[in-house]
Protein chains: 2
Amino acid sequence: MVKLFSALSDETRLRIIKLLGAGERCVCDITAALDMSQPNVSFHLSILKEAGLISDRKDGKWVHYSLAEGDLFSRFLVISICEKYSNDDDSSRLKNSCKSRACS
Amino acid sequence: MVKLFSALSDETRLRIIKLLGAGERCVCDITAALDMSQPNVSFHLSILKEAGLISDRKDGKWVHYSLAEGDLFSRFLVISICEKYSNDDDSSRLKNSCKSRACS
DNA sequence: CTCTTATATAAGTATATATTGATATGATAC
DNA sequence: GTATCATATCAATATATACTTATATAAGAG
């Protein structure tokens, strides 16, 4: 339970959950949307994955992350975050990234 | 939202919420139940209070803390914690403390 | 095979957080 | 008044966390 709340107690990770709420994304798109260094994004993704909140799928060079099917409580938290949290800058950066890449 | 999850991402603070789930408690009883230093307990109480999860009431020498009336989301979290989390050692220490004091 | 792209990991650093011990405040008892 | 008890705050320290730079791995493209 501490691990779950710890995973959610960081703005970057809430932004990632919000992004994934709109559907599966590869690391490069998440990195572009967050406008952060790739190792840092990988670091936050690993924490969310470790907490059981997201899952990954390998596809060639790319790794696609999406919201995980967790227990009722975790899913309620994720849904609440997607509903309450918003970051327009992230989504506009994401759109530009998706247009210029082959990963999706 | 980050502040809320941060407040919940610590075992000591989950223990405090669980204790307060059974009713209002003064700092000395919480300190006894947690078996921790009093300044440390005050520190954690201040974080929970700042996050809007608990509220306090002065009564002479004593300060009594209890779960706050928050928004729906906060209350859901607190209820879930009280339901999922348990620490038998805390409650037995609490009982002994309450027997030997005048604060409640 | 070499080059590039996507991602993860490791080492180092900076900042944040938890904890303790000492002290201050404020209320009650004597 | 002084002494005592309950709580909060401060200073110092230890540990955890976020972030960066550099590097490793692994998959395609040429």
Problem - Separation between Cα centres of the range B:1-67 and the range A:6-32, rounded to whole Å - result: 31
Practice task
Could you tell me the number of lysine pairs in chain A with C-alpha atoms less than 26 Å from each other, where the two lysines are 8 or more residues apart or belong to different chains?
Solution key: 19
Problem - Label 7 Å beyond Cα on the Cβ vector: A:Glu11 copy-to-copy distances, nm - result: 3.0
Handout entry: Selected from A:Ser66, A:Ser37, A:Ser46 as most flexible by GNM, with chain A as the system and alpha-carbon contacts under 10 Å
Key = A:Ser37
Exercise for the section: Distances from B:Val63 to the same position in the other copies: list them in nm, one decimal, shortest first, using label points 7 Å from Cα along Cα→Cβ. Expected result: 4.5
Exercise for the section: Quick one: with label points 7 Å out along Cα→Cβ, list the inter-copy distances for A:Ser46 in nm, shortest first? Expected result: 3.4
Problem - Cysteines without a disulfide-compatible partner [chain A; Cβ-Cβ under 4.7 Å] - result: A:Cys28, A:Cys82, A:Cys98
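Once you list every other residue whose beta carbon is under 13 Å from the beta carbon of B:Cys98, what net charge do they have if Lys and Arg are +1 and Asp and Glu are -1?
+2
Bear in mind these aren't lab numbers, they're just calculated from the coordinates by the rules spelled out. Everything numeric in this text was worked out from a predicted model, so none of it was measured. Every residue, glycine among them, receives a Cβ derived from its backbone with ideal geometry; neighbour counts consider all protein chains shown.
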